[in-house]
Amino acid sequence: MSTTSVRPSVSGAPADAPVSAARAAELTSLIRSTTGEVRTTSTPFTGEALAEVPVSSPSDVDDAFDAARAIQPRWASTAVRDRAGMLLRLHDLVLAHQNELMDLIQLESGKTRKHAYDEVLHLALTARYYGRRLRHLAGSRRGVGVFPFLTQITVHHVPKGVVGIISPWNYPLTMALADGLPAIAAGNVVVQKPDSQSPLTALAALELLRKAGVPADVWQMVSGAGSVVGTAIVQQADYICFTGSTATGTGIAKLAAERLIGYSLELGGKNPMIVLPGADVEKAAEGAVGACFSSAGQLCVSIERLYVHDSLYDDFRDAFVRRVRAMSLGASLDWDVDMGSLVSASQLETVTKHVDDAVANGATVLAGGRARPDLGPYFFEPTVLEDVTEAAECFADETFGPLVSLYRFADVDEAVALANAGEYGLNASIFGPVGLARALAPRIKAGTVNVNEGFGATFGSVDAPMGGMRTSGTGRRQGEEGYYRYTETQSVGVQRLLPVAGPAAVPAKPYAAVLTFLLRVLRRTTVRR
Ligand code: NAD
């Protein structure tokens, strides 16, 4: 395994000050906080301090909600064209400022440049999608009234109000902003808590949103512990959009249920890939590298279980392991590295524990398997295991790291059963003949199924709804569903000439007989819709 270790530095900043204190202060001033308390963040590349981040209190969250509720009706009444224009301007600003955004993503998460670029791409695609689609999404539709001509129905989608967004550290740019774009597009306002590990990236994105024309109180950020500040948000929001672990998501769902507010939960996964008979082994091996090790496997849709048909298992294993062993690792802000660092000591601990436990329970390490403190405090090699038994923790539990296990299958029914094992249902991948893969997709319990791709075909296609089945979540981001989750549907019915209950002068019995006659006629009438 080749390695590169480059000391991180942001363009223009000295190597020992990855983000200048002035720039960090400029960004953190966007946080709503009156406590005077700060928390120091550090970069996973070296463990060195990055920024002093103000901590918010529950009363700061109260203030944020007061300001949000004050501005929401005005924001909802801005022209759809103006809101769409702001999203399209954000698209341009994200592309124009991509270098600083990628520096910050990398410094806060430890990922490589190309994985940081995936976030820039996803955010720009999302901004363009909702910017271009907003006129269609925000429009009302005419419905069919109970009495043709006499009853007019119009269906509107009105904003919920204040949306609370709680986001994780693993995709600090796009998980912070992309989910909220359809919320503000629909006329809602946002109070958000980014993860404590990655506030600078979220704040740099917020700065661009404001440059694009979105007023400050329309999207506010608070910061602090999830159990304090996150809970305060859930207690006041009209809708919650949460991305994170299944354990935290379950607690949030309980709180939201007590308040009878809606929520979308994008949670964990233990995602399978199936390599079918007839698959191109080299292409499948190449695809598996990207599917398993993007952002060092700290990606909700990352593949952690690889099921390969008996007929090509040995060839696939050799091609895959050869590629994984050749991957370069390092802390570089350049484009030259294949995999970066894990984000924290606790992530390193989980990955190390899962590998050691699997080996103790009979697994064989085919590639990687070691921490790399010579590269940085939290580096771990991309790791491939074989012979993992059910007793191993990583057999069914999410690792959320660069660890994948290889298994064989004899026929496609067995592959489907293996892919559906366990409690999760977020993402799945199938490599092989397209016809067979398409036929299998509906049998897989996963919110997204990618054919001849790991996750990018669905994740990158922002018109495609994305989310989990089973314990991987509820609700969908992206596409029309990602927009309508933030709206209440309101039907307006206008009655003309006669009341629905009939004219006062006509007794109920003959009126019922007329209605019965009309129902029978209508039942036989062909209605084209
Ligand atoms: P986490 O649940 O610990 O934290 C996520 C966010 O929730 C953070 O901002 C955190 O501060 C906040 N939080 C923590 N406790 C809270 C509470 N009691 N109330 C309110 N907010 C609280 O998750 P994590 O470990 O940071 O992220 C990794 C997990 O996220 C993995 O399981 C991964 O699969 C999942 N994830 C899912 C998706 C998806 O789209 N499905 C995307 C990214 C990550």
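The values are calculated or read from the model by the stated rules, or taken from the named source; none is laboratory data. No experiment lies behind these values; they were computed from the predicted model shown. Neighbour counts run over all protein chains shown; Cβ positions are idealised from the backbone, glycine included. Heavy atoms of the whole protein, side chains included, go into the accessibility calculation; ligands, DNA and RNA do not. Shrake-Rupley method; radii C 1.70, N 1.55, O 1.52, S 1.80 Å.
What to note about this one:
- Residue satisfying all of: in the stretch 203-239; of a type in the set (Ser, Thr, Tyr) and closer than 24 Å to residue 471 by Cα; surrounded by the most Cβ atoms within 10 Å (Cβ to Cβ) among these: 239
- Subset of the stretch 240-257 (residues that are within 20 Å of the chain's Cα centre (by Cα), open to solvent by 10 Å² or more (accessible area, probe 1.4 Å) and more than 9 Å from the ligand (Cβ to nearest atom)): 250, 253
- The one condition in (1) more than 17 Å from residue 275 (Cβ to Cβ); (2) assigned to a loop (DSSP other than H, G, I, E, B) that residue 453 fails to fulfil: (1)
- Residue ID - farthest from the ligand (Cβ to nearest atom), chosen from residues in the stretch 258-278 that are of a type in the set (A, V, I, L, M) and assigned to a strand (DSSP E or B): 275
- Checked against (1) buried (at least 23 other Cβ atoms within 10 Å of the Cβ); (2) in a loop (DSSP other than H, G, I, E, B), residue 445 passes all but a single condition, namely (1).
- Matching option when the condition is closer than 25 Å to residue 98 by Cβ and at pLDDT 95 or above, among 346, 341: 341
- Residue match in the stretch 349-358 (condition: open to solvent by 30 Å² or more (accessible area, probe 1.4 Å) and of a type in the set (Ser, Thr, Tyr)): yes
- Residues within the stretch 293-316 that are farther than 19 Å from residue 458 by Cβ and within 16 Å of the ligand (Cβ to nearest atom), tallied: 1
- Residues satisfying the stated conditions in the stretch 48-106, i.e. among the hydroxyl-bearing types (Ser, Thr, Tyr) and out of contact with any Lys or Arg (no Cβ under 7 Å at 6 or more places or on another chain): 57, 59, 77, 78
- Output for the stretch 184-200, where each listed residue is over 15 Å from residue 79 (Cα atoms) and in a helix (DSSP H, G or I): 199, 200
- Residue check, residue 176 within 27 Å of residue 49 (Cβ to Cβ), within 14 Å of the ligand (Cβ to nearest atom) and in a helix (DSSP H, G or I): yes
- Within the stretch 473-520, the set of residues being free of Cβ contacts under 8 Å to residues at least 60 places away in the same chain and closer than 15 Å to residue 146 by Cβ comprises 499, 501, 502, 511, 512, 514, 515, 516, 518, 519.
- Close pairs (6 angstrom Cβ cut-off, 6 or more residues apart or separate chains): assigned to a helix (DSSP H, G or I) in the stretch 239-253, of a type in the set (Val, Ile, Thr) and more than 9 Å from the ligand (Cβ to nearest atom) anywhere: 246/471
- Look at (1) away from the ligand (no atom under 14 Å from the Cβ); (2) in a helix (DSSP H, G or I) and you find that residue 220 fails only one, number (2).
- Selection from the stretch 387-442 of residues that are open to solvent by less than 20 Å² (accessible area, probe 1.4 Å) and either of a type in the set (D, E, K, R) or within 16 Å of the ligand (Cβ to nearest atom) (or both): 394, 399, 401, 402, 403, 404, 425, 426, 427, 428, 429
- Members of the stretch 77-99 that are open to solvent by 40 Å² or more (accessible area, probe 1.4 Å), part of a helix (DSSP H, G or I) and small (Gly, Ala, Ser): 96
- Number of positions in the stretch 456-502 that are outside any loop (DSSP other than H, G, I, E, B), open to solvent by less than 70 Å² (accessible area, probe 1.4 Å) and either within 23 Å of residue 305 (Cα to Cα) or charged (D, E, K, R) (or both): 11
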